[in-house]
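Inspection log for the structure reproduced underneath, given as structure tokens.
A short reminder: the numbers here are calculations on the coordinates, not readings from a lab. As the structure is a prediction and not an experimental result, all values here were calculated from the model. Positions of Cβ are backbone-derived with ideal geometry, glycine not excepted, and every protein chain shown enters the neighbour counts.
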Amino acid sequence: MSIVQNDIKKLETSNCDQDKVFYQAMEEVIYSISPLLESDEKYKKYAVLERLVVPDRVIKFKVTWLDDNNNIQVNTGYRVQFNNALGPYKGGLRFHPSVNEGILKFLGFEQILKNALTGLPIGGAKGGSDFDPKGKSDFEIMKFCSAFMTELHKYIGPRIDVPAGDIGVGSREIGYLFGEYKKITSSYDGVLTGKPYMFGGSLMRPEATGYGVVYFTQTMLDMENKESLVGKICTVSGAGNVALHVIEKLLHIGAIPVSCSDSQGTIYDSRGVDLELLKELKLEKRVSLERYIEVHTEAKYIPVSDYNQGEHAVWNIQCYAAFPCATQNELTELDALNLIANGCTCVSEGANMPSTPEAIDVFLNHQVCFAPAKAANAGGVAVSEFEMSQNASMQRWSFEKVDSKLKNIMQQICKRVVLAARDYGVEGNYVDGANIAGFKKVADAMIAEGI
Ligand code: NDP
Ligand code: 2IT
């Protein structure tokens with residue numbers, strides 16, 4: 001039995017519910033890289049795959065903190081340090097009640113290949129907590145972040161592991177985490193990225209993931225000889241850091257983003273969404289999207305309870321290109337079929353693994369230009385690495401410099417993906433291309449570094 005069949009069999013017999021998303025991510029990669037494994041026996045000889053799918057370490061810890069009513073609260077914190085063959089462990093922190101070890105293993109595994117694709121010297125990691133920031137006061141967020149760092153600081157460092165944001169963790173949380181790290185260690189290190197600009201954050205880090213997604217999509221459409229996004233209707237899901245900056249860049253280039261969504265419902269505004277209002281509602285006031293229609297009465301708000309069974313309202317809107325930017329597995333096979341029926345010819349993933357494997361099959365079978373997350377959303381971590389570089393050299397780069405370096409890196413990633421797909425007989429398949437190019441880079445480093 002080949003190494004690939006062996007691994008797939010192991011996945012299929014696994015019954016750990018928490019690990020389902022991790023196996024989903026792993027299974028896709030294992031299928032994609034089989035031409036590489038078959039073509040060069042060194043990967044088998046050095047058991048690279050077997051070594052890559054096991055994290056270097058999983059750190060799990062208790063986080064106790066005091067809420068505003070002086071009740072003691074207990075949460076679980078994690079850091080999955082997956083692989084540092086290419087550089088220090090690097091990847092975000094997620095604060096969301098759904099967080100568990102399996103989700104962080106999936107995100108950490110994806111992060112290894114994503115970071116490799118950037119061509120920058122960063123390894124892969126992910127962390128977070130089942131803490132729910134929703135409805136918490138600013139002081140509660142601060143107290144939780146301090147308590148979380150009380151334990152996490154033992155395991156991180158600018159040359160060891162450099163966390164950043166993800167769902168539920170933005171510059172406010174990174175600021176509190178940084179403050180606590182500094183207090184405990186008395187060391188002013190670039191130990192976190194996504195810091196506010198006033199104490200070492202990089203210009204454009206908040207925009208980077210979303211802008212990068214659009215830069216990648218523009219390059220992909222160009223390379224595939226497809227019409228550009230200018231003047232085209234686009235649908236976006238999510239209403240957080242990634243979604244809002246995808247919308248912003250789409251507006252800059254003259255596309256027409258008509259939707260966004262949060263965990264409660266969807267906004268559809270056929271004239272193009274009002275970005276300033278969205279930023280006010282989601283980034284400043286942190287309230288439900290439903291408030292959008294108080295200002296724009298002609299827009300539609302569709303609550304989750306009105307979604308058709310197994311479908312997401314965002315993917316039922318006519319569009320040229322779609323940008324899922326909320327969370328994993330938010331776009332199902334049925335949604336993919338709806339998108340195609342609605343004229344969609346391009347899907348670019350802003351969130352991590354938002355499309356189910358069945359949805360991806362639909363896209364590939366219908367010749368949709370499909371940009372997988374680990375390639376399309378790598379702009380965020382790329383600018384995180386720029387922040388590490390700036391901190392290490394005590395420099396500040398201009399917005400224009402970061403933007404131009406980001407654009408360049410997204411174009412390079414796109415080319416690497418296209419070439420890898422061509423070299424291994426799967427031309428036009430960006431999923432396989434991204435997995436092969438990312439895997440090859442890490443695998444070659446692992447082999448060169450010995451066991
Ligand atoms: P935010 O916390 O800023 O926003 C998340 C958005 O997604 C919110 O609108 C939230 O709705 C919605 N959402 C979250 N969980 C769910 C859920 N289970 N069901 C429905 N909606 C949900 O996170 P980001 O924008 O930073 O992250 C979004 C995605 O992008 C994630 O997959 C993340 O891993 C990925 N990503 C993020 C990067 C970054 O730099 N921040 C980099 C690369 C990828 P609500 O407001 O109701 O909570
Ligand atoms: O999924 C991701 O790439 C992120 N959440 C960003 C990670 C980072 O270190 O900037």
task: Tabulate in residue order the Karplus-calculated ³J(HN,Hα) for the stretch 335-351, using 6.51 cos²θ - 1.76 cosθ + 1.60 with θ = phi - 60°, rounded to whole Hz; enter x for Gly and Pro.
output: 4, 4, 5, 4, 4, 5, 4, 8, x, 6, 10, 8, 10, 10, 8, x, 6
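Run through the DSSP bridge list for the chain and note the antiparallel percent, rounded to the nearest 5. If you can, show how the numbers build up before the last one.
Numbers: 25 of 43 bridges.
If we restrict to bridges inside the chain, about 60 percent are antiparallel.
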- request: Report relative contact order for the stretch 56-144 in percent, whole number only (criteria: Cα-Cα under 8 Å, sequence separation at least 6).
  value: 35
field: Whole-Hz ³J(HN,Hα) from phi, Karplus 6.51 cos²θ - 1.76 cosθ + 1.60, for the stretch 128-135, glycine and proline x
entry: x, 7, 7, 4, 9, x, 4, x
- prompt: Along the charge dipole of the stretch 368-419, Cβ charges K/R +1 and D/E -1, which of W397, M410, S384 sits furthest on the positive end?
  reply: M410
- line: Using alpha carbon positions and the Kirkwood radius, the Rg to Rh ratio of the stretch 131-219 is 1.02
task: Write down the radius of gyration of the stretch 110-264 and its Dmax, each obtained from C-alpha positions, in Å.
output: 17.9, 54
query: Unpartnered cysteines of the chain (Cβ-Cβ under 4.7 Å counts as a partner)?
result: C16, C145, C234, C260, C319, C325, C344, C414
- request: Between V58 and D423, take the C-beta separation as r, use R0 = 35 Å, and let me know the FRET efficiency to the nearest 0.05.
  value: 0.55
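In debye to the nearest 20, how big a dipole does the stretch 125-221 give about its Cα centre with +1 on each Lys and Arg Cβ and -1 on each Asp and Glu Cβ? Kindly include the intermediate steps, with their values, before the conclusion.
Values: 11 positive and 11 negative charges, 41 e Å.
Roughly 200 debye, rounded to the nearest 20.
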query: Past the 24 Å Cα-Cα mark, which pairs from K374/K441; K374/K407; K60/K441; K105/K136; K415/K440; K126/K226?
result: K60/K441; K105/K136; K126/K226
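Which whole number of Å³ per residue matches the convex hull of the alpha-carbon atoms in the stretch 32-178? Don't skip to the end; give the middle numbers.
Values: hull volume 16.2 nm³, N = 147.
Value for the stretch 32-178: 110 Å³ per residue.
With only Lys, Arg, Asp and Glu charged, each at its Cβ (+1 for the first two, -1 for the last two), find how big the charge dipole of the chain is about the Cα centre; round to the nearest 20 debye. Write out the running numbers ahead of the final one.
Details: 46 positive and 56 negative charges, 296 e Å.
Roughly 1420 debye for the chain.
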- prompt: For the stretch 183-306, what Kirkwood radius comes out of the mean inverse Cα-Cα distance, in Å?
  reply: 16.1
- line: Taking a label point 7 Å from the Cα of S137 along Cα-to-Cβ, the residues of the stretch 268-293 whose backbone nitrogen sits under 20 Å from it are 284-287
field: Amide H contacts under 5 Å for V169, placed H, 5+ residues apart
entry: F95
query: Extent of the stretch 76-121 along each principal axis, from alpha carbon coordinates, in Å, largest to smallest?
result: 33, 14, 14
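In square nanometres and to one decimal, what's the mean projected area of the convex hull around the Cα atoms of the chain? Walk me through the numbers before you get to the answer.
Working: hull surface 84.7 nm².
It is 21.2 nm².
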- prompt: In the calculated pair distance distribution of the stretch 48-99, what percentage of Cα-Cα distances lie above 18 Å?
  reply: 49
task: Place the peptides 282-290, 21-29 in order of packing, highest mean first, counting for every residue the other Cβ atoms within 10 Å and averaging per peptide.
output: 21-29, 282-290
Förster radius 45 Å - calculated FRET efficiency between I451 and Q264, Cβ distance, rounded to 0.05: 0.35
message: Using only the Cα atoms of the stretch 247-363, what are the Rg and Dmax in Å?
response: 13.8, 40
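Over all directions, the average projected area of the alpha-carbon convex hull for the stretch 407-451 comes to how many nm²? Don't skip to the end; give the middle numbers.
On the way: hull surface 14.2 nm².
It is 3.5 nm².
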- line: Diffusion coefficient in µm²/s returned for the stretch 188-257 by Stokes-Einstein, Kirkwood Rh over C-alpha pairs, 37 °C and 0.692 mPa s, is 245
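Return the Rg/Rh value of the stretch 362-451, two decimal places, where both radii are evaluated on C-alpha atoms and Rh is the Kirkwood radius. Numbers along the way, then the final one.
On the way: Rg = 15.9 Å, Rh = 14.9 Å.
With Rh from the inverse mean 1/r over Cα pairs, Rg/Rh is 1.07.
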message: Show me, for the stretch 401-412, the HN-Hα J-couplings you get by feeding each phi into the Karplus relation (A = 6.51, B = -1.76, C = 1.60, θ = phi - 60°), rounded to Hz, glycine and proline as x.
response: 5, 5, 4, 5, 5, 5, 4, 4, 5, 5, 5, 5
field: Rough spin-label spacing in nm, given labels placed 7 Å along Cα→Cβ, for E284 and D306
entry: 2.7
Label-zone membership for the stretch 376-395, site H252, 7 angstrom Cα→C-beta point, backbone N under 14 Å: 379-380, 383
- line: The base-10 log of I(q)/I(0) that the Debye equation returns for the stretch 291-444 at q = 0.11, 0.13 Å⁻¹, one scatterer per C-alpha, is -0.56, -0.74
